[in-house]
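To keep things clear, I will list the structure first and then write my remarks on it.
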Amino acid sequence: MAVYKIAELRKMTDAELGRKMDELNLALLEGGMENNPKKSREVRKAMARISTLTNERKKK
């Protein structure tokens, strides 16, 4: 799973961010069985970045 930087995410549209969030959510559900905390932590951080960015865009 790639780590998404905030600069990369800011270039994406809202629809693209929604798709990425869905992909990460699916990866988190599938990766939960692996018992790999580092991977799940990276996925959760990426989801938090996307969530923060969408909330910032809604406030504008």
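If I fit a long axis through the Cα atoms of helix 14-31 and take the longest principal axis of the Cα atoms of the chain, what angle between them do I get, 0 to 90°, rounded to 10?
The answer is roughly 10 degrees.
If the cut-off is 29 Å between C-alpha atoms, which lysines fall inside it for K59, apart from same-chain ones fewer than 8 positions away?
Excluding near neighbours in sequence, the set is K5, K11, K20, K45.
Return the FRET efficiency for the residue pair T13, A48: r is the Cβ-Cβ distance, R0 is 25 Å, and the value is rounded to the nearest 0.05.
Working: r = 19 Å, r/R0 = 0.77.
Here the calculated transfer efficiency is 0.80.
Each value in this text was obtained by applying a stated rule to the coordinates, not by laboratory testing. Model, not experiment: these values are computed from the prediction. Cβ atoms come from the backbone with ideal geometry, glycine included; neighbour counts cover every protein chain shown.
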